[in-house]
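Asker: Once you've had a glance at the structure underneath, I'll fire off some questions.
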Amino acid sequence: MNCLEASRLSATWRGLGYLLGSLLTAAVALFALPVLVVPKMARAWASLHRRRADRLLLSPCSGPVRVGTWRVLGWLCACIVSSLAFGLVVVLCAGNAVATAITVPLWWALPAGTRAGGFAVGVPLSGWGTALTLGTAQIVVFAALTYWLVPLLARLHARICVALLSPSAAERLAQRVETLTETRAGAMNAHGAELRRIERDLHDGTQARLVAIAMRLGVARESLGEDPQLVARLLEEAHESTEEAMAELRAVIRTIYPPILADRGLAGALAALGTRSAIDTTLDIGDLGTIPAAVEAVAYFTIAEALTNAAKQARPLGPPSASHATVTGCRSRSPTTESAAPTRRWVPASPESATVSWRSTAPSTSTAPAAARPRSL
């Protein structure tokens, strides 16, 4: 048996199970119809069948059904009718093949005068020759019909289900607008939070140091001709405070957009991040190509936060060397959307290991702040 035949046989078995299951659910739906007309129950029932159709068609799971109530109720009627029709065809073909295969060897135990069924209905079974000839012919014919019809009917039924339960262009647009509204609100909130954080850092840190420097320089100017030692000490303190203020300014700038991203790119910045991490970190970064600055910053800060959380949770379990983090990065382009979706997760695979992963799709023009809302991209 070659690969094509094996694949065809597998499709037949999967289609047979799918159509028999659909026949069973159609019978259940007929008895539970008063319950299934309730919109919430109808959507749950539709989501179950949509997942079954996705599995048969080897498609990614599409999640809960989000079409209108009338579309769901229309699908329910079409599903019951098509499931009963296609299921009865399967029962006719596969059932006759199985029944004939069982009855042919036992024809002699049947009552006298028994006649054949199937397409040879009415022919009397008078001996082994008649039984074997008609039985073999019926087994071959019905098995062939099952082999060829079942996958076609199963795929047709699944495509009908997907077509009726898939959102229309207007519904997809409404869902997209809703998602964009949510992400825009989140981005604006994050933008405001970032501005307040920067203002607080500058006010509480750098501004306070600059005020102290100005006061020291003022005292030094007034004491210039009276106490040279005091002037020298004040100038030294002012110099040290100036360096500290510059360091704080650089720290604030790094939280806005790390300079290392502009100098070394995302891969180099992640390498430096892994080197400075408190736990042993392994990088597995693919070919990222050219990435917008906003996406680079989001990925950088997101992975930095994930590594920090991994280090915090791994440290109580033992020394930092006993824990390990793996950072993997790849880029994929979605055929239907032009958006960037950096994501991150920290999954403790064992008490002494962690995995940090992220994914970036096609570029985006979003201007969401880098550190707060990866989903807004």
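Asker: In whole angstrom, note down how far apart the Cα centers of region 45-66 and region 209-238 are.
Answerer: So the separation of the two Cα centres works out to 75 Å.
Asker: Then there is this: What nm distance separates the two modelled labels at Val28 and Cys77, each placed 7 Å from Cα along Cα→Cβ?
Answerer: A separation of 2.3 nm, rounded to one decimal place.
Asker: Give the relative contact order (percent, whole number) for region 187-245; include only Cα pairs under 8 Å separated by 6+ residues.
Answerer: Once divided by the residue count of region 187-245, the mean separation gives 38 percent.
Asker: Which FRET efficiency value, to the nearest 0.05, do you get for Ile198 and Leu224 by plugging their Cβ-Cβ distance into 1/(1 + (r/R0)^6) with R0 = 30 Å? All intermediate terms of the calculation are to be shown ahead of the outcome.
Answerer: Details: r = 37 Å, r/R0 = 1.23.
FRET efficiency, Ile198 to Leu224: 0.20.
Asker: Just grab the label-to-label distance for Leu92 and Ala232, each label 7 Å out from Cα along the Cβ direction, in nm (one decimal).
Answerer: In this crude label model, Leu92 to Ala232 measures out at 11.0 nm.
Asker: Separation between the Thr328 and Val140 pseudo-spin-labels, each 7 Å from Cα along Cα→Cβ, expressed in nm?
Answerer: If labels sit at Thr328 and Val140, their model points lie 5.2 nm apart.
Asker: On average, how much accessible surface per residue is there in region 150-283, in Å², for a 1.4 Å probe, leaving out ligands, DNA and RNA?
Answerer: 63
Asker: Further question on the same structure: Residues with beta-carbon under 14 Å from that of Arg155, excluding Arg155: net charge, scoring Lys, Arg +1 and Asp, Glu -1?
Answerer: Neighbour charge sum, excluding Arg155 itself: +4.
The values are calculated or read from the model by the stated rules, or taken from the named source; none is laboratory data. Only a predicted model underlies this, so the values are computations on that prediction, with no experimental measurement involved. Every residue, glycine as well, gets a Cβ built from its backbone with ideal geometry; the counts of neighbours run over all protein chains shown. Accessible surface areas use protein heavy atoms only, side chains included; no ligands, DNA or RNA. Shrake-Rupley method; radii C 1.70, N 1.55, O 1.52, S 1.80 Å.
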